[in-house]
Amino acid sequence: MASTVSDRPGYGQLLRTPGAWTFLLPGFAARQPFAMLTIGIVLLVQHTTGSYGSAGAVAAVSGVSMALFAPQTGKLADRFGQRAVLLPGVLVHGASVGALTALALADAPIWALCVAAVPTGASIPQIGPMVRARWAAVLGAAPGREASPLMSTAAAFESVTDEFTFVIGPVIATALCTGVHPAAGLIAEAALTLVGGLFFAAQRATQPSVRDAGPTGSPRHASALSVPGVRVLAVAFLGIGAVFGGMQVSLTAFAEEIGRPGSNGVLYGIFAAGNMLAGIACGAIAWKSGPRRRLIAGYAALTLTASGLWAVHSVPLLAALGLLVGLCIAPALISGYTLVEALVPASARTEAFTWLTGAVALGQAAAVTVAGQLADAHGASTGFLVPLVGTVLALVTLLVLRSRLVPSSSGRAVARGIGHRGPVTVD
């Protein structure tokens with residue numbers, strides 16, 4: 001539903017939401033390590049083993065572990081509260097990163113590093129989904145009331161914040177690893193996680209309330225994945241992960257193939273800039289169409305732009321097409337996160353956000369592996385087929401199962417005994 005001129009959502013109105021800054025600032029600091037971990041592992045393990053293959057394997061184990069365990073962390077946060085999960089989580093993560101660092105510096109075998117990478121990835125604090133859940137809480141998403149038009153703006157703001165994190169995080173980690181010590185990136189990651197996570201956990205006023213039991217006293221601990229729409233979105237977000245992973249590997253391979261390895265950073269920076277610009281624009285627009293329609297349209301545009309990547313063989317053209325691909329990611333990503341507010345009750349919302357975040361990470365890990373093998377065997381251009389295939393499959397899934405992306409006719413999105421009632425506009 002379109003907003004009127006008087007209640008047009010925007011960043012200014014969003015940031016004036018009471019209590020927002022109390023979790024935004026610590027949340028921004030606490031999520032920086034998320035983008036530092038992978039590159040920190042790669043640089044340290046490559047330094048100690050001399051093998052990028054070994055470094056990539058350890059980093060991949062950490063990424064897959066995060067993708068598998070993140071939803072469970074979200075579910076625990078919904079059940080017991082974010083603070084109760086964050087406090088032990090950051091301590092475990094700090095200890096795990098310390099153990100992985102010590103093993104790498106001691107020239108431990110790769111299998112030992114992979115074992116240590118499991119708890120390292122599993123314990124990554126899910127700050128992004130927790131911040132999104134806090135936005136939903138402070139914006140007053142309540143039964144019997146239409147979703148706030150600021151929810152889409154909040155989703156856009158978080159998308160831009162995430163992208164900015166993935167721009168500066170790797171730069172900080174790389175500078176520390178190359179300019180201070182190969183282990184400095186991981187040490188800084190652990191320290192920031194501990195300090196930022198504890199500071200974020202201390203903000204109790206904006207923490208979503210724990211809804212532990214229904215009216216009859218029955219437990220409300222069902223998984224957000226029991227909501228059909230969440231399963232559809234998780235599959236769709238695998239496609240977004242395929243774009244991120246495929247672009248990272250294929251752009252690197254392309255730059256090396258043409259003898260201009262330095263252009264890789266520029267090309268990926270243009271791609272990331274497109275994502276950020278589109279995210280900013282999405283949050284400033286008063287949309288007249290619902291998030292479901294925007295999600296499908298965004299994926300159609302993303303598929304169309306990704307379809308030409310494999311055929312481009314010049315840097316300027318690839319930069320231009322990469323910018324267009326980046327511009328198409330944010331609308332799809334933001335619309336998917338906005339749909340969660342309509343489909344999932346507040347008692348399972350943090351978990352739902354972590355399923356989507358984990359799906360992106362899982363799709364990215366798979367895309368990195370497949371695109372790397374294709375690029376090695378058949379050249380860089382074939383690696384660009386991975387984003388195309390991923391987005392095509394995701395778009396087909398959305399079109400076939402789009403009816404699951406709306407609440408039931410009674411206005412109730414049910415998750416096995418968990419209900420949310422209200423006339424939420426999704427289309």
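Name every residue in the range 70-96 that is over 21 Å from the mean Cα position of the chain (by Cα) and of a type in the set (A, V, I, L, M), in order of residue number. Within the range 70-96, Ala84, Leu87, Leu91, Val92, Ala95 meet the criteria. Tallying residues that are of a type in the set (D, E, K, R) and open to solvent by less than 10 Å² (accessible area, probe 1.4 Å) within the range 101-131 yields 0. Answer with yes or no whether Thr305 is within 19 Å of Gly269 (Cα to Cα) and within 22 Å of the chain's Cα centre (by Cα). Against the criterion (within 19 Å of Gly269 (Cα to Cα) and within 22 Å of the chain's Cα centre (by Cα)), Thr305 qualifies. Residue count for the range 15-28, restricted to those that are aliphatic (A, V, I, L, M) and either surrounded by fewer than 17 Cβ atoms within 10 Å (Cβ to Cβ) or over 23 Å from Gly197 (Cβ atoms) (or both): 2. Comparison of Val90, Val61, Val85 shows that the only residue that is among the β-branched types (Val, Ile, Thr) and in contact with a Cys (Cβ under 6 Å, 6 or more places away or on another chain) is Val61.
For the range 235-250, the criterion of a residue being more than 19 Å from the chain's Cα centre (by Cα), of a type in the set (Phe, Trp, Tyr) and buried (at least 24 other Cβ atoms within 10 Å of the Cβ) is satisfied by no position. In the set Gly379, Gly336, Gly358, Gly363, only one residue is under 30 Å from Ile258 (Cα atoms), touching a helix residue (DSSP H, G or I) at 6+ places or on another chain (Cβ under 6 Å) and of a type in the set (Gly, Ala, Ser); that residue is Gly363.
For Ala300, the conditions (1) open to solvent by 10 Å² or more (accessible area, probe 1.4 Å); (2) among the aliphatic types (A, V, I, L, M); (3) at pLDDT below 85 are fulfilled apart from (3).
The set of residues from the range 132-143 being at pLDDT below 80 and open to solvent by less than 10 Å² (accessible area, probe 1.4 Å) comprises just one member, Ala136.
This table checks each residue for (1) assigned to a helix (DSSP H, G or I); (2) of a type in the set (Lys, Arg); (3) under 28 Å from Thr17 (Cα atoms).
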{"site": "Val64", "(1), (2), (3)": "yes, no, no"}
{"site": "Asp107", "(1), (2), (3)": "no, no, no"}
{"site": "Trp111", "(1), (2), (3)": "yes, no, no"}
{"site": "Val115", "(1), (2), (3)": "yes, no, no"}
{"site": "Ala133", "(1), (2), (3)": "yes, no, yes"}
{"site": "Thr153", "(1), (2), (3)": "yes, no, yes"}
{"site": "Ala156", "(1), (2), (3)": "yes, no, yes"}
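A Cβ distance below 9 Å, combined with a sequence gap of six or more or placement on separate chains, defines the contacts here; from the range 303-318, residues that are over 19 Å from Asn275 (Cβ atoms) and among the small types (Gly, Ala, Ser) reach residues that are open to solvent by 20 Å² or more (accessible area, probe 1.4 Å) and part of a loop (DSSP other than H, G, I, E, B) in the pairs Ser314/Ile258. From the list Val368, Val386, Val340, Val360, the lone residue that is in a helix (DSSP H, G or I), surrounded by 19 or more Cβ atoms within 10 Å (Cβ to Cβ), out of contact with any Gly (no Cβ under 7 Å at 6 or more places or on another chain) and of a type in the set (A, V, I, L, M) is Val340. A single member of Glu146, Glu189, Glu158, Glu163 is among the acidic types (Asp, Glu), at pLDDT 85 or above and either more than 20 Å from the chain's Cα centre (by Cα) or crowded, with 19+ Cβ neighbours inside 10 Å (or both), and it is Glu189.
The values are calculated or read from the model by the stated rules, or taken from the named source; none is laboratory data. Just so we're clear, the structure is a prediction, and the values are computed from it rather than from any experiment. Glycine also receives a Cβ, built like all others from the backbone with ideal geometry; neighbour counts cover every protein chain displayed. Please note that ligands, DNA and RNA were not included when accessible areas were found on the heavy atoms of the full protein model with its side chains. Shrake-Rupley method; radii C 1.70, N 1.55, O 1.52, S 1.80 Å.
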